[in-house]
Amino acid sequence: MRWRSGNIQSIPKTIPESNTLSSTLGSATADKPKSGGNSPTELPSNALSRDECLELFKLLYLTRYFDVRLIKEKRRGRLTGTLYSSHNQEAILVGSLFGLQPNDWISPIHRDMPAFFLKDIRAGWHNPNRKGMSIDEVCCQVWGKADSPGRARDNWSHIGKKSAHIIHSTSMLAGTVPVAAGVVLADRLNGGDAVVLTFNGEGSTAQGIFHEAVNFAAVHKLPVITIIENNQWAYGTPTHLEFPLSDFARRADGYGIPGLIADGQDVFDVYDKVMQAVEFARSGQGPSIVECKTFRAYGHGDHDDDRAAKYRDPKEVEEGRKRDPIAICRKRLIEKGYLKGEAAKSFMAEGKNAAEVSDEDFPPEVVQYLKDAIDKAIKAPLPAAEEGAQWVFRENA
Ligand SMILES: Cc1ncc(C[n+]2csc(CCOP(=O)(O)OP(=O)(O)O)c2C)c(N)n1
Ligand SMILES: [Mg+2]
C-alpha cells in the first residue's frame, strides 16, 4: 500500500475525541500554525493577570538581551567558545517554562541556554532558593569558571543541575529524551506528579533514540512533553531534507499521542499549547508533542554565520525573521490594554541584530541583571590547570 498523507489522520487516536487536546490534534494537519481547538475563553493564557503578561514581556527581553550581550562580549574579545543563538526563538523558551511547577523537570539543548536561568524564575529573579539555575551560574559556565558545572571543559553544553530538576544537556542530539522519560518514571513510582519538558530541534528528531524514547513514554503514559523547536534548519540541512511532512506534529499520530502546533513566535500561543500538554500529562493521560514553528535567525552557531549567509537565501531569512516575538507580544499587550502611551513605545529591541541594538533598547533591570552576572563571572577564578585531565580517564587505574 502506498502511503499518502491522508492515511495518517485515519489511524484511530488513543485519546478520546472529547478531550480538548485531541481536538487540538486536528490542527496538526494545517500548513501554517493555528490556534488550538479550545475556544478563546478557555485558553490558559486568558487566566494570566496583567502583571504576569507584563512579566512574560520582560522575560522575552531578558532572553534576547542574554543573546545579544554575549555576542557583543565575544566580539569585544572578552569571551571565547561557540555561541548558539536563541534569537527569534525566545517565545518558545519563555512561554513553555512560565507555567511549570518548581518540581517539574526540563532538559534543554544547545539552542536553549536561557532555559537554565528561566526555570522557576517566577519565584523571584534574585531568589537563591528557586528551582532553577541562577544567571550567575550560567554566566560562570559560559566563561568556563571553577564555580560552574562544566569547569571550563565546555562553555555551552554539558550544563545542568539535579537539585533544580534540570537534566544535564549533552552533545548527543535527542540523547536526553530517554533520560527525561526515566526521570519522570522514577518520580511516578515514588508518588510524584512532576512532568518533564524536553527541548529538541526538528533535526534531532531523526535520531533513532528519539523514536524509542517517545514510544516508550507513549506506551507507559509518562508525563513527557516533547517540544520541537522547528526552526527550519538543522545546521546546513533544510526541513524538507529532514522529513517529508510539513508539520512535524503529525508524527505524534504514529505514537498514538497528541501532537500540537504552536506559533513559536507568539509567547501566549506557546504557553497555551504547552499548558494543555502539561495538564494532560499531569493528570496521568500521557505524553504529547508540541511543535513550535520558528526560524533560526543566524548560523547554526556563531562559527557558522558566514557560511549560513551562503547556504540560506537572504529572502528566506528576511521572511523568517519578520515576526519578532517581542513585537508580537507588544502588540498583544497593547490590544489587552496592558501597555499604553509611552510604555508601549519604549525599549524597541525587536528586529535588530546584536550590532544594531543598544542597552537603551532593553528595560534597565534586564540590563543590570545580566551585567552583574557577567561582571561576577569575569572576576571568578578559573579551575586549576592540573584539573584538565581530571574526570576524563578513570582515576587510579
Ligand atoms: C547524534 C548527533 N548527531 C549529530 C550531531 C551534530 N549536530 C549538532 S547540532 C546539529 C543540528 C541540530 O539541528 P536541530 O536539531 O534542528 O537543532 P537547531 O540547531 O536547529 O536548534 C548537528 C547535526 C550531534 N551533536 N549529535
Ligand atoms: Mg533546527
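The values are calculated or read from the model by the stated rules, or taken from the named source; none is laboratory data. Bear in mind the structure is a predicted one, so any value in this text is a computation, not a measurement. Cβ sites come from the backbone with ideal geometry, for glycine too, and all protein chains shown count toward neighbours.
Every test in (1) within 16 Å of ligand 2 (Cβ to nearest atom); (2) more than 24 Å from Y271 (Cα to Cα) is passed by I228 save one, and that test is (2).
Applying a threshold of 6 Å to beta carbon distances and a minimum spacing of six or more residues, or different chains, the list of pairs starting in segment 226-237 at a residue that is on the phi > 0 side of the Ramachandran plot and ending at one that is near ligand 1 (Cβ under 6 Å from one of its atoms) and not in a strand (DSSP E or B) reads Y235/H300. Taking the conditions (1) at pLDDT 50 or above; (2) within 30 Å of G256 (Cβ to Cβ); (3) among the small types (G, A, S); (4) in a loop (DSSP other than H, G, I, E, B) in turn, S18 satisfies each one other than (1). For segment 325-338, a residue qualifies if it is within 26 Å of the chain's Cα centre (by Cα) and either at pLDDT below 95 or outside any helix (DSSP H, G or I) (or both), and the qualifying residues are K336, Y338. Restricting attention to segment 229-242, the residues that are assigned to a loop (DSSP other than H, G, I, E, B) and surrounded by fewer than 16 Cβ atoms within 10 Å (Cβ to Cβ) total 2. Sub-8 Å Cβ pairs linking a first residue in segment 198-220 that is closer than 21 Å to K119 by Cβ to a second residue that is within 16 Å of ligand 2 (Cβ to nearest atom) and acidic (D, E), at least 6 apart or interchain, are F199/D112; F199/E229; N200/E229; G201/E229, ordered by first then second residue. Quick one: is A218 in contact with a helix residue (DSSP H, G or I) (Cβ under 6 Å, 6 or more places away or on another chain), closer than 28 Å to Y271 by Cβ, part of a loop (DSSP other than H, G, I, E, B) and away from ligand 2 (no atom under 16 Å from the Cβ)? For A218, the condition - in contact with a helix residue (DSSP H, G or I) (Cβ under 6 Å, 6 or more places away or on another chain), closer than 28 Å to Y271 by Cβ, part of a loop (DSSP other than H, G, I, E, B) and away from ligand 2 (no atom under 16 Å from the Cβ) - is not met.
Among the listed residues V219, V224, V214, which satisfies the condition of being surrounded by fewer than 22 Cβ atoms within 10 Å (Cβ to Cβ), more than 9 Å from ligand 1 (Cβ to nearest atom) and of a type outside the set (K, R)? On inspection, the qualifying residue turns out to be V219.
Selection of segment 181-212 for residues being farther than 12 Å from I289 by Cβ, in a helix (DSSP H, G or I) and more than 16 Å from ligand 2 (Cβ to nearest atom) yields A181, G182, V183, V184, L185, A186, D187, R188, L189, G208, I209, E212. Counting only helices (runs of 4 or more DSSP H) that sit completely within segment 90-148, those holding 2 or more residues that are over 27 Å from D324 (Cβ atoms) correspond to 135-142.
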